[in-house]
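The values are calculated or read from the model by the stated rules, or taken from the named source; none is laboratory data. Note that the coordinates shown come from a computational prediction; the quantities given were computed from them, not determined experimentally. Ideal geometry is used to build each Cβ from the backbone, glycine not excepted, and the neighbour counts take in all protein chains shown.
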């Protein structure tokens, strides 16, 4: 298990939350609300929240907008990671990633197995990084969002987590462009 050591300062990050859904609104978006509450509870800032339809073009347009925004460090999407015909979030994200972070999806499914057993195989949760912005796509259930945040992201987005974390790598994410 990761541990936090006090000699490092906590560095809040700006996180945009994207819900992919044909039917939800900001008011009834339980997964987006769950993520926003956890993000703020951990001391980070919710830079923006939005909902887009389950369409690759809509997803990629919003994610690219946030990648171009210097005030967004991380994008977390919820919804559209299953295997039905309307589930296209992983395809949209795959078209954007410069680098995949395969361990995120692998770890998410491993942890999820303890709760939902073999049903976790239906999740195509994933992560990557593009132009200095971390990108995560999570299933659309509040439980899956809680699990991803509480068991993985809260630690990796905390600059104090040892032995390493995503935040400490942020200054180096654009080295290839220098």
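Structure data summary
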item	result
Residues located in region 121-141, provided they are out of contact with any strand residue (DSSP E or B) (no Cβ under 9 Å at 6 or more places or on another chain) and either assigned to a loop (DSSP other than H, G, I, E, B) or under 25 Å from residue 52 (Cβ atoms) (or both)	122, 131, 132
In region 1-20, the residues that are surrounded by fewer than 20 Cβ atoms within 10 Å (Cβ to Cβ) and modelled with pLDDT of 95 or more	10, 11, 12, 14
Count - residues of region 34-54 that are part of a helix (DSSP H, G or I), surrounded by 15 or more Cβ atoms within 10 Å (Cβ to Cβ) and without any contact (Cβ under 8 Å) to a residue 60 or more places away in the chain	1
Qualifying residue in region 123-134 (condition: touching a residue at least 60 places away in the same chain (Cβ under 8 Å), surrounded by 19 or more Cβ atoms within 10 Å (Cβ to Cβ), under 16 Å from residue 103 (Cβ atoms) and under 13 Å from the mean Cα position of the chain (by Cα))	yes
Search result, residues across region 62-105 that are closer than 20 Å to residue 44 by Cα and outside any helix (DSSP H, G or I)	68, 69, 70, 71, 72, 73, 74, 75, 76, 77, 78
Flag for residue 61 being touching a helix residue (DSSP H, G or I) at 6+ places or on another chain (Cβ under 6 Å) and at pLDDT 95 or above	no
Some residue of region 55-64 being surrounded by 18 or more Cβ atoms within 10 Å (Cβ to Cβ), free of Cβ contacts under 8 Å to residues at least 60 places away in the same chain and closer than 22 Å to residue 142 by Cα	yes
When residues of region 9-33 are limited to those that are assigned to a helix (DSSP H, G or I) and more than 26 Å from residue 132 (Cβ to Cβ), the one farthest from the chain's Cα centre (by Cα)	30
Qualifying residue in region 104-114 (condition: within 13 Å of the chain's Cα centre (by Cα), free of Cβ contacts under 8 Å to residues at least 24 places away in the same chain and buried (at least 18 other Cβ atoms within 10 Å of the Cβ))	yes
Counted residues, region 9-24 - those being without any contact (Cβ under 8 Å) to a residue 60 or more places away in the chain and farther than 25 Å from residue 43 by Cα	2
Selected residue [touching a residue at least 12 places away in the same chain (Cβ under 8 Å) and over 13 Å from the mean Cα position of the chain (by Cα)] from 146, 160, 178, 172	160
